[in-house]
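The values are calculated or read from the model by the stated rules, or taken from the named source; none is laboratory data. Please read all numbers here as calculations on a predicted model, not as lab measurements. For neighbour counting, all protein chains shown are included, and Cβ atoms are generated from backbone atoms with ideal geometry for every residue, glycine included.
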């Protein structure tokens, strides 16, 4: 019987995932029965040290005794790991603000720049090299380990790691949980009453069927009726676009307007919060030459309206996430339940995983990383066969599959021409000359972190 499990957390300074994931591990009843090693790694020593202290203090409060180490040495951190959790990003908001703004400056209808649109391609090119470095080191140091990836752009990165390394990798995201919450709100039913089938692309998933677990009744007629009755302006930035897509295509997408709208051009009419994203006055200077990220980051008007203080006090927000006296709460993410299912051979249903399509979705490209439900056990992750999507939806997703392939080829070949092909294929792009100029502009702005690319 295996009595020891090792988790390596790469990007342990992450305020989004590290503290909550540590709590997930320590609260898990199955892992409480074995010896746990938690190996924290980050390139930044200060948040790394805070993570180590947080982990130790929380463990003490919970009466747990994991073996905790912290290191800036990647090889040391992942050696012998069973699960390598990746949540990495360098100077996230500084570069992300460029991903958002520069494509718009060249006239492209990109409402967001994280997982779709031209901005996401540069986001991919920044995060793929370090993620591949982790994967290639895992091939030597823990070849049987699983990479549990939270880093975006999820689908492009998991596809890149799957194509260019031999490790086992799965991409994880809570967007499907957000979508289930939206269904619960419109249907006025608890989420546990709502059964579903889903398939799609990360941040562009679709519920192909929804039904009542207790009665077996199809819930789509009730959803459509409720949507028609609902106030059309309610939580506009979250629900206006999904509601229009329900009316147009007959299915509910998730997780929300700013994410699903990245993958097509006409979404810009349905996200009021796009205009103040990383707002700055260009007359006041170039924020990227001064290395000062434009504040604030507006996620959406629904969740973060601009009723902010006129003279807000500056705080180190990332440090507050390591408040040692705060309530102990987990992440609600799927990473540790997947690890539990694999490590203990405990069959578990998981609502959404990102994996290469191997015949699971017959109307989507083979090999493209898609998001779909799966059963997980000691033999690995087993995605469920998916329903066919309406033609218009499957074609939108398939177009993104071609973009994935071109971006990964462009990285492998260091080719700006392949990047140009991907950008010209993107539905938010409308001009050849501006596409070339944007590529050159972004490669210059981000040259310190992008791989070298040549025409």
- Within the stretch 141-149, is there a residue that is more than 30 Å from residue 279 (Cα to Cα), modelled with pLDDT of 95 or more, in a helix (DSSP H, G or I) and out of contact with any strand residue (DSSP E or B) (no Cβ under 7 Å at 6 or more places or on another chain)? yes
- Name every residue in the stretch 209-223 that is in contact with a helix residue (DSSP H, G or I) (Cβ under 7 Å, 6 or more places away or on another chain) and surrounded by fewer than 19 Cβ atoms within 10 Å (Cβ to Cβ), in order of residue number. 212, 213, 214, 222
- On the given criteria, is residue 77 modelled with pLDDT of 95 or more, touching a strand residue (DSSP E or B) at 6+ places or on another chain (Cβ under 8 Å), in a helix (DSSP H, G or I) and at negative phi? yes
- Task: Quickly run through the stretch 362-372 and pick out the residues that are buried (at least 23 other Cβ atoms within 10 Å of the Cβ) and over 16 Å from residue 179 (Cα atoms).
- Result: 364, 369, 370
- Task: Could you please find all residues in the stretch 241-288 being out of contact with any helix residue (DSSP H, G or I) (no Cβ under 9 Å at 6 or more places or on another chain) and at negative phi?
- Result: 265, 266, 275, 276, 279, 281, 282, 283, 284, 286
- Evaluate the stretch 227-237: report whether one residue or more is out of contact with any strand residue (DSSP E or B) (no Cβ under 6 Å at 6 or more places or on another chain), within 30 Å of residue 398 (Cβ to Cβ), part of a loop (DSSP other than H, G, I, E, B) and modelled with pLDDT of 95 or more. no
- Tally of residues being part of a strand (DSSP E or B) and either in contact with a helix residue (DSSP H, G or I) (Cβ under 8 Å, 6 or more places away or on another chain) or more than 23 Å from residue 361 (Cβ to Cβ) (or both) across the stretch 191-208: 9
- Is it true that residue 425 is at negative phi, surrounded by fewer than 17 Cβ atoms within 10 Å (Cβ to Cβ), within 24 Å of the chain's Cα centre (by Cα) and in contact (Cβ under 8 Å) with a residue 24 or more places away in the chain? yes
- Message: Among (1) buried (at least 17 other Cβ atoms within 10 Å of the Cβ); (2) under 26 Å from residue 144 (Cβ atoms), there is one condition residue 375 misses while meeting the rest; what is its number?
- Response: (1)
- Please indicate, with yes or no, whether at least one residue in the stretch 395-413 is part of a loop (DSSP other than H, G, I, E, B), under 20 Å from residue 115 (Cβ atoms) and modelled with pLDDT of 95 or more. no
- Got a number for residues in the stretch 167-185 being in contact (Cβ under 8 Å) with a residue 40 or more places away in the chain and either in contact with a helix residue (DSSP H, G or I) (Cβ under 6 Å, 6 or more places away or on another chain) or in a loop (DSSP other than H, G, I, E, B) (or both)? 5
- How about the stretch 14-45: which of its residues are assigned to a helix (DSSP H, G or I) and either buried (at least 24 other Cβ atoms within 10 Å of the Cβ) or in contact with a helix residue (DSSP H, G or I) (Cβ under 7 Å, 6 or more places away or on another chain) (or both)? 18, 19, 21, 22, 23, 24, 25, 26, 31
- Given the conditions (1) closer than 23 Å to residue 158 by Cα; (2) surrounded by 15 or more Cβ atoms within 10 Å (Cβ to Cβ); (3) at pLDDT below 95, report the number of the one that residue 90 does not fulfil. (2)
- Note on the structure: Expected output for the stretch 106-120 (first residue at positive phi and crowded, with 24+ Cβ neighbours inside 10 Å, partner in a loop (DSSP other than H, G, I, E, B) and at pLDDT 95 or above, Cβ below 7 Å, 6+ apart or cross-chain) is 117/426; 117/428
- Odd one out for residue 113, checked against (1) farther than 27 Å from residue 289 by Cβ; (2) assigned to a loop (DSSP other than H, G, I, E, B); (3) modelled with pLDDT under 95: (1)
- Could you please let me know if residue 84 is under 21 Å from residue 149 (Cα atoms) and in a loop (DSSP other than H, G, I, E, B)? no
